[in-house]
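Here's the structure, in C-alpha cells; my notes come after.
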C-alpha cells in the first residue's frame with residue numbers, strides 16, 4: 001500500500017521530485033563544484049523561478065541556508081543591536097523570540113493562548129524595536145495571521161524591520177513583499193522536498209542594517225552574516241558549499257508549480273481545507289482546535305481528538321494516510337493535517353471518510 005504523508009513537515013514529496021532527483025543524478029548535479037559556471041546557472045535559475053512563483057521584487061535578495069531555524073538566528077544577529085518585538089501565538093513564534101533572548105537582545109513579546117489570534121489594536125509596542133517578528137502561519141497551532149494586520153504594523157513602525165515566518169504557508173500565502181522587509185521558509189513543507197534547505201528573503205534595508213552594526217563592531221556572525229551572503233548572492237553563489245541538490249530541486253519544483261498556476265494552487269488549497277473544516281464544524285466529537293474561522297490556517301489543520309487521537313491515527317495509517325500528532329502539550333490529544341500542493345482532494349476525502357466513523 002502506498003503511503004501518503006499528511007504530516008506537517010517533512011511531508012509528502014511533490015510528485016515530480018523523484019524524477020527531478022534522477023535527472024540530477026543523470027546530469028551529475030551532485031558532483032558540481034559550487035563555484036562552477038554550471039552551479040551559478042542553477043542558483044540563478046532557481047532564484048528566477050522563486051521570484052516568479054512568489055512575486056518577489058527584483059530588489060529583494062535570496063539567501064540559501066540550512067533551515068528556517070537558522071534563518072531566525074541570522075535575522076536576529078544581523079538586524080538587531082538591542083531591541084526586538086515578537087508576536088507569539090505558538091511554539092515556533094516562541095522559538096523566534098527565544099532566539100533573540102539567547103542572543104542577548106532585549107526581546108519583548110505579545111503573547112496569546114495557543115489557538116487564539118491577536119487583538120492588534122490593543123497591543124502596545126513601546127520598546128523602540130529594530131525588528132518586529134511575525135509567524136504568519138503557526139505550525140504548532142494552525143493559526144494564520146492576516147497579512148493586512150502585518151502590513152498595518154509595518155505602517156506604524158516604518159523604521160523597524162518586519163520579518164515574517166512563512167514556513168508552512170509558502171507557497172500558498174500571497175505576501176506583498178513591498179510591505180515587509182524579510183520572509184523565510186524551509187522546503188520540506190509546502191514545496192514537498194527533502195529537508196535541509198532554508199530560504200531567506202531580505203531587502204536592502206536589512207543589508208544596510210547589518211552593515212551599520214558591523215561598522216560599529218557589533219557582531220553579526222561569521223560566514224553566514226548578511227554582508228557575506230549578499231556579496232556571494234550577487235554572484236549567484238553561497239559563502240560555503242551549499243545544499244546543491246536542494247537548490248536544484250527547489251528550482252524544478254517552482255517551475256512545476258508555476259506551470260500549474262499559483263492561483264489554481266491557492267484555490268485548490270482553500271477548497272481542500274474547506275472540506276475538512278466544514279466536516280469538523282458539524283461533527284459531534286472531533287472539532288477544529290482554532291475556533292475563530294477568520295484565523296484558521298488553510299495549510300495546517302489542528303483537530304481536537306482527545307483520547308481517540310492514537311486510535312484515529314492508527315486507523316488512518318491502516319488506510320495508508322499518515323498524519324501528524326499535536327505539538328508540545330497537545331502531542332497526545334490533537335491531530336495535525338497538512339494541506340500542501342501535493343495533497344489531493346481525493347486523499348482529503350479519504351481522511352474525512354475515516355473520521356466519519358467517530359460519531
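Can you spot a residue in the range 331-347 that is within 20 Å of residue 290 (Cα to Cα) and free of Cβ contacts under 8 Å to residues at least 12 places away in the same chain? Explain how you work it out, then say what you get.
Taking the range 331-347 as the starting set, the residues that turn out to be within 20 Å of residue 290 (Cα to Cα) are 331-340.
If we keep only those that are free of Cβ contacts under 8 Å to residues at least 12 places away in the same chain too, we end up with 331.
There is at least one residue in the range 331-347 that is within 20 Å of residue 290 (Cα to Cα) and free of Cβ contacts under 8 Å to residues at least 12 places away in the same chain.
Which members of the range 123-139 meet the condition of being over 29 Å from residue 303 (Cα atoms) and either out of contact with any strand residue (DSSP E or B) (no Cβ under 8 Å at 6 or more places or on another chain) or assigned to a loop (DSSP other than H, G, I, E, B) (or both)?
Filtering the range 123-139 for residues over 29 Å from residue 303 (Cα atoms) gives 124-132.
Passing the criteria: 124, 125, 126, 127, 128, 129, 130.
Condition check ((1) touching a helix residue (DSSP H, G or I) at 6+ places or on another chain (Cβ under 9 Å); (2) in contact (Cβ under 8 Å) with a residue 24 or more places away in the chain; (3) over 28 Å from residue 265 (Cβ atoms)) across all residues:
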{"position": "43", "(1), (2), (3)": "yes, yes, no"}
{"position": "63", "(1), (2), (3)": "yes, yes, no"}
{"position": "84", "(1), (2), (3)": "yes, yes, yes"}
{"position": "88", "(1), (2), (3)": "yes, yes, yes"}
{"position": "93", "(1), (2), (3)": "no, yes, no"}
{"position": "96", "(1), (2), (3)": "yes, yes, no"}
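Quick check on my filter: what residues within the range 90-100 are within 11 Å of residue 165 (Cβ to Cβ) and touching a strand residue (DSSP E or B) at 6+ places or on another chain (Cβ under 7 Å)?
90, 92, 93, 96
With respect to residue 173, is the statement that it is touching a helix residue (DSSP H, G or I) at 6+ places or on another chain (Cβ under 8 Å), touching a residue at least 12 places away in the same chain (Cβ under 8 Å), more than 16 Å from residue 93 (Cα to Cα) and assigned to a loop (DSSP other than H, G, I, E, B) true? Show your work before the answer.
Numbers: touching a helix residue (DSSP H, G or I) at 6+ places or on another chain (Cβ under 8 Å): yes; touching a residue at least 12 places away in the same chain (Cβ under 8 Å): yes; more than 16 Å from residue 93 (Cα to Cα): yes; assigned to a loop (DSSP other than H, G, I, E, B): yes.
Yes, satisfied.
Residues to consider are 321, 335; find the one that is more than 19 Å from the chain's Cα centre (by Cα), closer than 30 Å to residue 259 by Cβ and buried (at least 19 other Cβ atoms within 10 Å of the Cβ).
321
In the range 140-161, which residues are more than 22 Å from residue 296 (Cα to Cα) and either in the same structural domain as residue 334 (by TED's automatic domain parsing) or buried (at least 24 other Cβ atoms within 10 Å of the Cβ) (or both)? Let's see the steps before the verdict.
The initial filter retains those residues of the range 140-161 that are more than 22 Å from residue 296 (Cα to Cα), namely 154-161.
The answer is 161, and nothing else.
The values are calculated or read from the model by the stated rules, or taken from the named source; none is laboratory data. Nothing here was measured: the structure is a model prediction, and the numbers come from that model. Backbone-built Cβ (ideal geometry, glycine too); neighbour counts: all protein chains shown.
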